[in-house]
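Presented below is the structure to which this report refers.
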Amino acid sequence: MDNLTDMTIAAAREGLRRGEFSATELTEAYLVSIEASNGAINAYVLVTHEIAREMARGADDRLRRGEGRALEGIPLGIKDMFCTRAGITQAGSRILNSFKPSYESTVSSNLWSDGAVMLGKLNMDEFGMGSSNETSCFGPTINPYRIKGTDIPLTAGGSSGGSAAAVAARLCAGALGTDTGGSIRQPGALTGIVGIKPTYGRCSRWGMIAFVSSLDQAGPMARTVRDCAIVLESMAGYDPKDSTSVDMPVPAYESALTGDVKGTRIGIPKEYRLDSMPAEIEQIWQRGIDWLRDAGAEIVDVSLPHTRYALPAYYILAPAESSSNLLRYDGVRYGFRAEGDDIVSMYENTRTIGFGPEVKRRIMIGTYVLSSSFCSDHYLKARKVRTLIHQDFERAFEKVDVLLTPVTPSAAFPLGTSTLDPVRMYHNDIFTVAVNIAGLPAMVVPSGVNADGLPLGLQVIGRAFDEPTLFRVGEVLESAAGPLPRPDVWWR
Ligand code: GLN
């Protein structure tokens, strides 16, 4: 039998159904790995041992009775952005210190209703703000991959860095992430795993800590395209508790994996070819184009003329909405409270101590762009850009079925290299934010390693609610690229 923690979700599902091993054995194998590895990787901020064991026992009972559900006995990790009844939920922030929600997010509760086992909560940038997991109050997650022959700690990406590293280092079979401007796709690319940001409205946001309500979306992160299809099918669906969730049937994503892309039209947006782009990113993109062409797809050049405005617009819209979402953390209702001489100084001290520097920067930018004197110069202009970006994609999708682009402007970078320069950090999101602005689905597929042995990924962007085509194209790319070389295990 394979090492249990090396199995894909699809393989583990079969093994469990056939009784080759139990959910308890599978869960224990992951708990042992986490115990041995988390000190070095820092992917989990909380391990829910007892709950995991109890859920695994329940799964074993149902499997024995032949009543196994879609994810029965599959151990998953949950980004700390999701409110869970088990343990605490902090979204990587000191201000939510020991916050214990009394309810479960819809998406995680959908997973538990399908039989999944909760291993614990995963590290992330504070409130999702960051691209390197370095803004977390729990310290950064470390990428399992290293530059060949060195031991320099590299970022696992962000904000879902804990989810990405946990999947890559075999500390869970799959994980929940959230993506507001690239937080599933960028860490996925930097750790060599698959992730999908679904169409806005495909998954409920209820019980997910709000960052940018008009952009936030939950999605699965796992080691294969098929595994992501399995988990998304379970997560997705209409939820009356989230008025932006869409009342449309959830397709059978796994059956979209036909392996056939003959005649599928793949758009290559010329604006994604940047002058400053490293040769290795250009090459991986070209390789992806060749793989799909060889598989019978039709390659079409397209233009998304407003692409260069996406990043600036995102860094107005996101701080604006988040500054307003974060108003609720005042020391009265949730988590951390600092002392003060009166109520105003209590608020001030709580927010001064409770929020990290990046969150405070965003609150200041957000309140500035929303202030009555500057609103029309910045926020309203960014809203108009949003419409233009949306129209760019609509026009492109008249000619093509999906778009293929890079995900990140570089492979994983050493920790500490971008933290002093926020604009440099924001630049990591250059290829991912437009998708959120337009509400579209997009997937990261591991596509190779660079000369240093670090993973590189490609992004497939689809029409709204056309996740099935993304999965179909993504799987063809995945099999053309073949499995990535595994990182040398230095962490246990
Ligand atoms: N890196 C982006 C930001 O800092 C996106 C984060 C996300 O998708 N949560 O805002």
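The values are calculated or read from the model by the stated rules, or taken from the named source; none is laboratory data. What you see is a predicted model, and the numbers here were worked out from it, not measured in a lab. Cβ sites come from the backbone with ideal geometry, for glycine too, and all protein chains shown count toward neighbours. Please note that ligands, DNA and RNA were not included when accessible areas were found on the heavy atoms of the full protein model with its side chains. Shrake-Rupley method; radii C 1.70, N 1.55, O 1.52, S 1.80 Å.
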Q: State in Å² the accessible area per residue of the stretch 99-172; use a 1.4 Å probe, count heavy atoms of protein chains only, and round to the nearest integer.
A: 23
Q: Mean Kyte-Doolittle of at least -1.0 plus a Cα span of 27 Å or more along the axis: flag which DSSP H helices in the chain meet both, please.
A: 379-399
Q: Given a cut-off of 26 Å, name the pairs among LYS241/LYS381; LYS79/LYS241; LYS270/LYS384; LYS360/LYS381; LYS197/LYS241; LYS197/LYS270 whose C-alpha atoms lie farther apart than that in the structure shown.
A: LYS241/LYS381
Q: Restricting to the chain, compute how many DSSP beta bridges are antiparallel as a %, nearest 5.
A: 65
Q: Show that you can apply the helix-only estimate: for the chain, add -39,500 (n - 2.57) for every DSSP H stretch of four or more residues, divide by all residues, and state [θ] at 222 nm to the nearest 500.
A: -11500 deg cm²/dmol
Q: Would you mind telling me the share, in percent, of accessible area of the chain contributed by carbon and sulfur at probe 1.4 angstrom?
A: 52
**Q.** Approximate spin-label separation SER98-ILE299, in nm, with each point projected 7 Å along Cα-to-Cβ
**A.** 5.9
Q. For the stretch 419-479, what is the accessible area per residue in Å² when the probe is 1.4 Å?
A. 26
Q: Would you mind getting the accessible area per residue of the stretch 254-404, heavy atoms of the protein chains only, 1.4 Å probe, in Å²?
A: 52
Q | Gyration tensor verdict on the stretch 77-153 (Cα atoms; rounded if a/c is under 1.5, prolate if a/b is larger than b/c, oblate otherwise) | A | oblate
Q) What distance in nm separates the simple spin-label points at GLU282 and MET364, each placed 7 Å from Cα in the Cβ direction? A) 3.8
Q | Extension gain from ILE152 to SER324, taking 0.36 nm per residue of separation minus the Cα-Cα distance | A | 58.1 nm
Q) Once both labels are modelled 7 Å past Cα along the beta-carbon direction, what's the VAL32-THR387 spacing in nm? A) 6.0
(Q) Which order do the peptides 410-418, 171-179, 187-195 come out in when sorted by mean C-beta neighbours inside 10 angstrom, highest first? (A) 187-195, 171-179, 410-418
